[in-house]
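Asks: Below is one structure. I have some questions about it.
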Number of protein chains: 2
Amino acid sequence: MAKGSETRERLLGIAEVAVLEKGFGATSIDEIIAAAEITKSGFFYHFKDKNHLARALLVRYIEKEEFILDDLFNRSRELHDDPLHSFLIGLKLFAEMMEDLSSGHPGCLVATYCYQERLFDQEIRDLTRETTLVWRKRFRDTFDEITEIYPARDSVDLDDLADMVSNTVEGGIIMSKALRDPGVLPRQVMLLRSYIKLLFSPTRN
Amino acid sequence: MAKGSETRERLLGIAEVAVLEKGFGATSIDEIIAAAEITKSGFFYHFKDKNHLARALLVRYIEKEEFILDDLFNRSRELHDDPLHSFLIGLKLFAEMMEDLSSGHPGCLVATYCYQERLFDQEIRDLTRETTLVWRKRFRDTFDEITEIYPARDSVDLDDLADMVSNTVEGGIIMSKALRDPGVLPRQVMLLRSYIKLLFSPTRN
DNA sequence: TAAAAACTGTACTTACGGTACAGTAAAATC
DNA sequence: GATTTTACTGTACCGTAAGTACAGTTTTTA
């Protein structure tokens, strides 16, 4: 079992890089198996078709993301009791993490899939939607905690505000890629942080 | 000339929809010519290869965008003399425009190209970069005008703030697609507006 | 009416997604 | 230690797509 899932992981790793660079439709199975030094039959042993590869890629990506976010915001929670300040610390940590990616964020699979939706079956499209809703819930819970203590200085919908976190990251990845400047994403996260700070800071500041 | 450029436009229109739905690599020339009811030879008369189609698509898209943004922010400028309030009006108008797109924003070609960069030649990658810099300059000029009158309540880099406008739109398009809710993009634009408002409003508010 | 523009038609090459299926080496299970 | 399962290899094949080449034809414009 160990050897098999090792090969599977290698295939997924190679495919992920290729998909984020060229898009799913432009990534050929032939190039994946060439890089993985495996035969086509070997590939189809692991994934019955390209759609199954797509799904496995997405599931793996989502799990990795969730783990990273859990870890980061748990740490920020340990650094400060107050939900607002803890979240502001979390955003700073996130920005720093994005800054440390030497060649920039490689890209978000959810975003690439959204921009190529017609290539995927309903199951995959539902997965991207549910993932985005999980992100929303994560940050919505945070903002619920914050508003229990700090009243917002402008009337905003908290689901929209929660979406703004994902929105900033997704937009920042694109802007970083477009400008070929990995620094854009972390700086945009810091701007989001500035908004949260202004929005919830007590009036006398 | 009229008939030729008419066919060319038709090809570009069909290609744009397909590329935004499936990505460039997954859009076949055969499907484009089938929809346009033209032969393959006819296609290659207009575009010598797929890369030339990609470039023409992008150039056309950029020109359309620029025209729309010019029009919108010129109108908002006419509605209010003050640069801050004029910009806030412009963002509201933009949000309304996004809301009126019945099936949501079809997607940004710059974003799809960024997520499939390895498919395109250097010239196209430079084009996406320069376009993003033009967007930056547009909003940077606006924020320069605003800061001449209103001091920012938090220390922010104005280029970053200018990028935040594009960032919000690019992210909003992805979030709208992921959640299958066209309303996300306009609501995110309104959140950006809320930030600009908080950031530049005189302290007593 | 001549020339340029805008195509059609045919034929071919290479690459890719996918199928089918027989065979095999290594690892886990009984 | 034999057997089954896992994880592959190898070969051969099909349909579709991108792209090339080039000769011929219609339509528009000068």
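The values are calculated or read from the model by the stated rules, or taken from the named source; none is laboratory data. If you're wondering where the values come from, they're calculated on a predicted model, not measured in any experiment. So basically every Cβ, Gly included, is an ideal-geometry build from the backbone, and we count neighbours across all protein chains shown.
Asks: Within the stretch A:57-73, is there a residue that is aliphatic (A, V, I, L, M), within 23 Å of A:Pro106 (Cα to Cα) and within 14 Å of DNA strand D (Cβ to nearest atom)?
Replies: No, that holds for no residue.
Asks: Of everything in the stretch A:34-49, what is more than 6 Å from DNA strand D (Cβ to nearest atom), free of Cβ contacts under 8 Å to residues at least 12 places away in the same chain and not in a helix (DSSP H, G or I)? Give them in sequence order.
Replies: Selection gives A:Glu37, A:Lys48, A:Asp49.
Asks: So A:Ile62 ticks every box in (1) under 22 Å from the mean Cα position of the chain (by Cα); (2) within 14 Å of chain B (Cβ to nearest Cβ); (3) free of Cβ contacts under 8 Å to residues at least 40 places away in the same chain but one. Which box is left unticked?
Replies: (3)
Asks: Could I ask something else about it? With the structure loaded, tell me whether B:Asp71 is charged (D, E, K, R) and closer than 30 Å to A:Glu21 by Cα or whether it fails that test.
Replies: Spelling it out, it is not the case that B:Asp71 is charged (D, E, K, R) and closer than 30 Å to A:Glu21 by Cα.
Asks: Which of the residues spanning the stretch B:8-33 are in a helix (DSSP H, G or I), touching a helix residue (DSSP H, G or I) at 6+ places or on another chain (Cβ under 7 Å), within 12 Å of DNA strand D (Cβ to nearest atom) and free of Cβ contacts under 8 Å to residues at least 40 places away in the same chain?
Replies: Once the filter is applied, which keeps residues that are in a helix (DSSP H, G or I), touching a helix residue (DSSP H, G or I) at 6+ places or on another chain (Cβ under 7 Å), within 12 Å of DNA strand D (Cβ to nearest atom) and free of Cβ contacts under 8 Å to residues at least 40 places away in the same chain, the stretch B:8-33 yields B:Ala18, B:Lys22, B:Ile29, B:Glu31, B:Ile32, B:Ile33.
Asks: Could you please let me know if B:Phe43 is away from DNA strand C (no atom under 16 Å from the Cβ), of a type in the set (Phe, Trp, Tyr) and either surrounded by fewer than 18 Cβ atoms within 10 Å (Cβ to Cβ) or modelled with pLDDT of 90 or more (or both)?
Replies: no
Asks: Would you check if A:Leu84 is in contact with a helix residue (DSSP H, G or I) (Cβ under 7 Å, 6 or more places away or on another chain), away from DNA strand C (no atom under 15 Å from the Cβ) and either under 20 Å from B:Tyr115 (Cα atoms) or charged (D, E, K, R) (or both)? I'd like the intermediate steps shown before the answer.
Replies: Values: in contact with a helix residue (DSSP H, G or I) (Cβ under 7 Å, 6 or more places away or on another chain): yes; away from DNA strand C (no atom under 15 Å from the Cβ): yes; either under 20 Å from B:Tyr115 (Cα atoms) or charged (D, E, K, R) (or both): no.
Spelling it out, it is not the case that A:Leu84 is in contact with a helix residue (DSSP H, G or I) (Cβ under 7 Å, 6 or more places away or on another chain), away from DNA strand C (no atom under 15 Å from the Cβ) and either under 20 Å from B:Tyr115 (Cα atoms) or charged (D, E, K, R) (or both).
Asks: Among the residues of the stretch B:75-98, which ones are farther than 24 Å from B:Val184 by Cβ, among the aliphatic types (A, V, I, L, M) and either out of contact with any Ser or Thr (no Cβ under 9 Å at 6 or more places or on another chain) or not in a helix (DSSP H, G or I) (or both)?
Replies: Selection gives nothing.
Asks: Name, by its number, the condition in (1) over 17 Å from the mean Cα position of the chain (by Cα); (2) in a loop (DSSP other than H, G, I, E, B) that does not hold for A:His105.
Replies: Going through the list (1) over 17 Å from the mean Cα position of the chain (by Cα); (2) in a loop (DSSP other than H, G, I, E, B), A:His105 breaks only (1).
Asks: Condition test on A:Val134, is it surrounded by fewer than 16 Cβ atoms within 10 Å (Cβ to Cβ) and under 13 Å from the mean Cα position of the chain (by Cα)?
Replies: Numbers: surrounded by fewer than 16 Cβ atoms within 10 Å (Cβ to Cβ): yes; under 13 Å from the mean Cα position of the chain (by Cα): yes.
The answer is yes for A:Val134.
Asks: Now for a separate question. Being closer than 30 Å to A:Arg125 by Cα and free of Cβ contacts under 8 Å to residues at least 12 places away in the same chain is the filter; apply it to the stretch B:137-180 and report the residue that is surrounded by the most Cβ atoms within 10 Å (Cβ to Cβ).
Replies: By that ranking, first place goes to B:Asn167.
Asks: Moving to a separate point now. When the residues of the stretch B:108-167 are filtered to those that are acidic (Asp, Glu) and within 8 Å of another protein chain (Cβ to nearest Cβ), which remaining residue is nearest to B:Leu198 (Cα to Cα)? Quick ask: steps written out before the conclusion?
Replies: If we filter the stretch B:108-167 for residues that are acidic (Asp, Glu), which is where we start, we get B:117, B:121, B:123, B:126, B:130, B:141, B:144-145, B:148, B:154, B:157, B:159-160, B:163.
Subset that is within 8 Å of another protein chain (Cβ to nearest Cβ): B:117, B:154, B:157, B:160, B:163.
Numbers: B:Glu117: 37, B:Asp154: 10, B:Asp157: 16, B:Asp160: 17, B:Asp163: 18 Å.
Here the answer is B:Asp154.
Asks: If I go through the stretch B:16-53 residue by residue, how many of them are under 23 Å from the mean Cα position of the chain (by Cα) and away from every other protein chain (no Cβ under 14 Å)? Outline the logic, then answer.
Replies: Of the stretch B:16-53, the ones under 23 Å from the mean Cα position of the chain (by Cα) are B:16-27, B:50-53.
Filter once more, so that each one left must be away from every other protein chain (no Cβ under 14 Å): B:52-53.
Qualifying residue count, the stretch B:16-53: 2.
Asks: Just to verify a result, which residue in the stretch B:177-205, among those that are among the small types (Gly, Ala, Ser) and within 9 Å of chain A (Cβ to nearest Cβ), is farthest from B:Met97 (Cα to Cα)?
Replies: Only one residue fits best here, namely B:Ala178.
Asks: Which residues, counting only those in the stretch B:1-40, are within 19 Å of B:Tyr61 (Cα to Cα), of a type in the set (Val, Ile, Thr) and within 11 Å of DNA strand C (Cβ to nearest atom)?
Replies: B:Thr7
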